[in-house]
Amino acid sequence: MPDSQVMKVELHYFFSDESHQMDAIVRHRCEGELLKIIEEISNVLNIIITPQTEAYVEGGLKEIWSFAKRNQYVLGVVTGVLVNVLSNQINIDREHIDLQKESLRLEIQEKRLNIEKLKKEIEIGEPKAQELITDHIVFILNNEYRVIRSRSDFYKNLQGYEKITKISGQQTNSNNQPISEPIIVEREQFKNFILSTDELPTEIDEAASIEVVSPVLKKGKYKWRGIYKGSPIDFYMKDSEFKNSIFHQQVSFTNGVSLECVLVISKKMNEIGDIYVSNYSVPIVISYHFGVDTIETTQGKKYFRDKEHQDNQLELFDK
């Protein structure tokens, strides 16, 4: 295979001693997280990437990852993205990982569409497209939960291995000659990549409709059961005024009762970066329906009055 069709990434582990040996379990776990990130790069580019590892080089420990493809510009994108994603600390804090924001979703969608266009330019040898498509992919992956999780676990493994003082990533050609400056991450920076919690920003549905299947008509921390958007859910009723009205028999439940409410949806990230709902709760009941009757609640009216007042205050500050 011609040299122009092979590009590499050199990952350099620096040690606190003069040895060239690394704990095999730690190295294996780190390698596994790298492969997960490479798989996500492959998904975004919609191409098959087949990485290969070469014999280790001394100097601490240098791990060589080689990539082969018929177009060297595509290879430049793959290796450039891998090095940048490993060293990029943007969006790792849970408060910044919020794909519920419409503006972020639209920006990611626009970049995905641009990637398809730029891929065609790369295939015909347009070098300027390489840098732009690399930036697009890095942005997308920095907002991809699976990448964030894999990068976090990569550095968590390294942080627990006291021997490592820093790591660096660098693009090289087929002869292992550098074609980019090394990007170095010092040990004290490892913590900046590690997720402190599995919890993600909550989603709030202020116009949720829940058909009550099984209410809890006694005091205690018990979950109610209902139907939300066609699916069964278990949720905590946290509206104390509404619960008190039930206990004092001011509200009676019959078949077909439904709630218009504020629904708080809590989410977490599992060990492979998939997102799941960890909890549903209803802090405010806006109104409830049974038959043709609809009863509005005082707390629901207050909630929207307070929200309107808050929105008006924000508008004044924006002017």
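The values are calculated or read from the model by the stated rules, or taken from the named source; none is laboratory data. Fair warning: this is a prediction, and the values are worked out from it, not measured in the lab. Note: ideal-geometry Cβ built from the backbone for every residue, glycine included; neighbour counts use all protein chains shown.
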*Select from region 165-178 the residues that are surrounded by fewer than 17 Cβ atoms within 10 Å (Cβ to Cβ) and of a type in the set (V, I, T) and list them in ascending order.*
T165
_So F193, is it out of contact with any Pro (no Cβ under 7 Å at 6 or more places or on another chain) and over 30 Å from N88 (Cβ atoms)_ = no
*Long-range neighbours under 9 Å by Cβ, at least six apart or interchain, first residue under 16 Å from I210 (Cα atoms) within region 287-304, second modelled with pLDDT under 90 and surrounded by fewer than 11 Cβ atoms within 10 Å (Cβ to Cβ)*: H289/G256; F290/S252; F290/T254; F290/N255; F290/G256; G291/T254; G291/G256
_Subset of region 81-127 [under 19 Å from E199 (Cβ atoms) and either modelled with pLDDT of 80 or more or not in a loop (DSSP other than H, G, I, E, B) (or both)]_ = R94, E95, H96, L104
_Could you check region 110-134 and list, in sequence order, the residues that are surrounded by fewer than 16 Cβ atoms within 10 Å (Cβ to Cβ) and of a type in the set (D, E, K, R)?_
E110, R112, E116, K117, K120, E123, E126, K128, E131
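Kindly indicate whether I38 is at pLDDT 85 or above, of a type in the set (V, I, T) and at negative phi.
On the way: at pLDDT 85 or above: yes; of a type in the set (V, I, T): yes; at negative phi: yes.
Answer is yes for this residue.
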*With respect to K223, determine if the residue is closer than 29 Å to S152 by Cβ, surrounded by 12 or more Cβ atoms within 10 Å (Cβ to Cβ), in contact with a strand residue (DSSP E or B) (Cβ under 9 Å, 6 or more places away or on another chain) and charged (D, E, K, R).*
no
*If you go through region 287-296 one residue at a time, do you hit one that is under 30 Å from the mean Cα position of the chain (by Cα) and either closer than 21 Å to A207 by Cβ or part of a strand (DSSP E or B) (or both)?*
no
*Subset of region 135-164 that is closer than 23 Å to L75 by Cβ and among the aliphatic types (A, V, I, L, M) - its residue that is surrounded by the fewest Cβ atoms within 10 Å (Cβ to Cβ)*: I140
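Residue by residue, here is whether (1) part of a strand (DSSP E or B); (2) touching a Cys at 6+ places or on another chain (Cβ under 9 Å); (3) closer than 23 Å to F304 by Cα holds:
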| residue | (1), (2), (3) |
| --- | --- |
| E181 | no, no, no |
| F190 | no, no, no |
| T197 | no, no, no |
| S209 | yes, yes, yes |
| K221 | no, no, no |
| G226 | yes, no, no |
| I246 | no, no, yes |
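Restrict the check to region 207-218 and report whether at least one residue is within 15 Å of R151 (Cα to Cα) and touching a residue at least 60 places away in the same chain (Cβ under 8 Å). Reasoning before the result, please.
Filtering region 207-218 for residues within 15 Å of R151 (Cα to Cα) gives none.
No, that holds for no residue.
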*Taking region 228-244 on its own, how many of its residues are assigned to a strand (DSSP E or B) and either touching a residue at least 40 places away in the same chain (Cβ under 8 Å) or within 15 Å of P283 (Cβ to Cβ) (or both)?*
6
*Would region 250-271 turn up any residue that is within 24 Å of G291 (Cα to Cα) and touching a Leu at 6+ places or on another chain (Cβ under 9 Å)?*
yes
_Taking the criterion of being surrounded by 14 or more Cβ atoms within 10 Å (Cβ to Cβ), closer than 29 Å to I265 by Cβ, modelled with pLDDT of 85 or more and touching a Phe, Trp or Tyr at 6+ places or on another chain (Cβ under 7 Å), would at least one residue in region 179-199 satisfy it?_
yes
*Can you name every residue in region 248-274 that is in a strand (DSSP E or B), surrounded by 16 or more Cβ atoms within 10 Å (Cβ to Cβ) and of a type outside the set (D, E, K, R)?*
S258, L259, C261, V262, L263, V264, I265, M269
